[in-house]
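> A single structure is presented below for examination.
Please treat every number below as a calculation from the coordinates, not as lab data. All values reported here derive from a predicted model rather than from experimental measurement. Cβ atoms come from the backbone with ideal geometry, glycine included; neighbour counts cover every protein chain shown.
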Amino acid sequence: MRSNIPPGGAPPNFRGAVGVTRDSIEGVDIHVPVYSFNETHYLSDAYVTPGYKGTLFQLTGKVNQSSFRGFSTGEVIFLGASGSMRGGDDWEISFRFAASPNRRDLVIENISGISKRGWEYLWVSYADDEDEATGFLAKRPVAV
């Protein structure tokens, strides 16, 4: 992070927070590492029942609960499937997935030992705190 300050001044210490205003922390959109992949499978007409289609519908948006295709629990989300009948004998179905890495041993200011699975959100609670060097009202992380 870069600060431009007048000569002799000191930048406020926002303790890693981004988009700090007088009343809140606005944050910023970031790019998260994601690997997207598709798989195409050919299934018999007898296998692709209304119940099977319903199961695909129910699984869409869900995250893996055990290792899957070399990824750890929590890293892969099922984005859905699409397909069509091929000549009356079988179905061509494409399955869409995305993977985001699990994170361990994250540190936010003085809070350590933070872990999160790939598709979990990480929320930080802040308390008001004055930066003694500048007198600027800053925010201090108090819980994750």
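> Would you mind giving the three semi-axes, in whole Å and largest first, of the ellipsoid equivalent to the stretch 1-128 according to its Cα gyration tensor? It would help to have the intermediate numbers written out before the result.
Working: eigenvalues 430, 46, 32 Å².
Semi-axes from the Cα gyration tensor: 46, 15, 13 Å.
> Based on the Cβ-Cβ distance of ARG15 and GLU120, what FRET efficiency does E = 1/(1 + (r/R0)^6) give at R0 = 22 Å, to the nearest 0.05?
Working: r = 23 Å, r/R0 = 1.02.
After rounding, the FRET efficiency stands at 0.45.
> Of all the Cα-Cα pairs you can form in the stretch 31-104, what percent are over 18 Å apart? Walk me through the intermediate numbers first.
On the way: 1220 of 2701 pairs.
Value for the stretch 31-104 (Cα pairs over 18 Å): 45 percent.
> Using only Cα atoms, what is the ratio of the radius of gyration of the stretch 15-60 to 2.2 N^0.38 Å? Don't jump to the answer; show the numbers that get you there.
Values: Rg = 21.8 Å, N = 46, 2.2 N^0.38 = 9.4 Å.
The value comes to 2.31.
> So, counting K/R as plus one and D/E as minus one, what does the shell of residues with Cβ under 13 Å around TRP119 add up to?
Numbers: positive: LYS62, ARG103, LYS116, ARG117; negative: GLU75, GLU120.
Surrounding charge for TRP119 is +2.
> Give me the number: length gained by fully extending PHE68 to PHE37, i.e. 0.36 nm times residue separation minus the C-alpha to C-alpha distance, one decimal in nm. Walk me through the numbers on the way to the answer.
Numbers: separation 31, 0.36 × 31 = 11.16 nm, distance 1.27 nm.
Value of the extension gain: 9.9 nm.
> Using a Förster distance of 41 Å, how high is the FRET efficiency between PHE57 and GLU130, based on the Cβ-Cβ distance and rounded to 0.05? Don't jump to the answer; show the numbers that get you there.
Values: r = 52 Å, r/R0 = 1.28.
Efficiency for this residue pair is about 0.20.
> For a quick protection proxy, order the peptides 92-103, 128-139 by their average other-Cβ count within 10 Å, most packed first.
Descending packing order for the listed peptides: 92-103, 128-139.
> Also: How tilted is helix 50-59 with respect to the longest principal axis of the chain? Cα atoms for both, answer in degrees (0 to 90, nearest 10).
10 degrees
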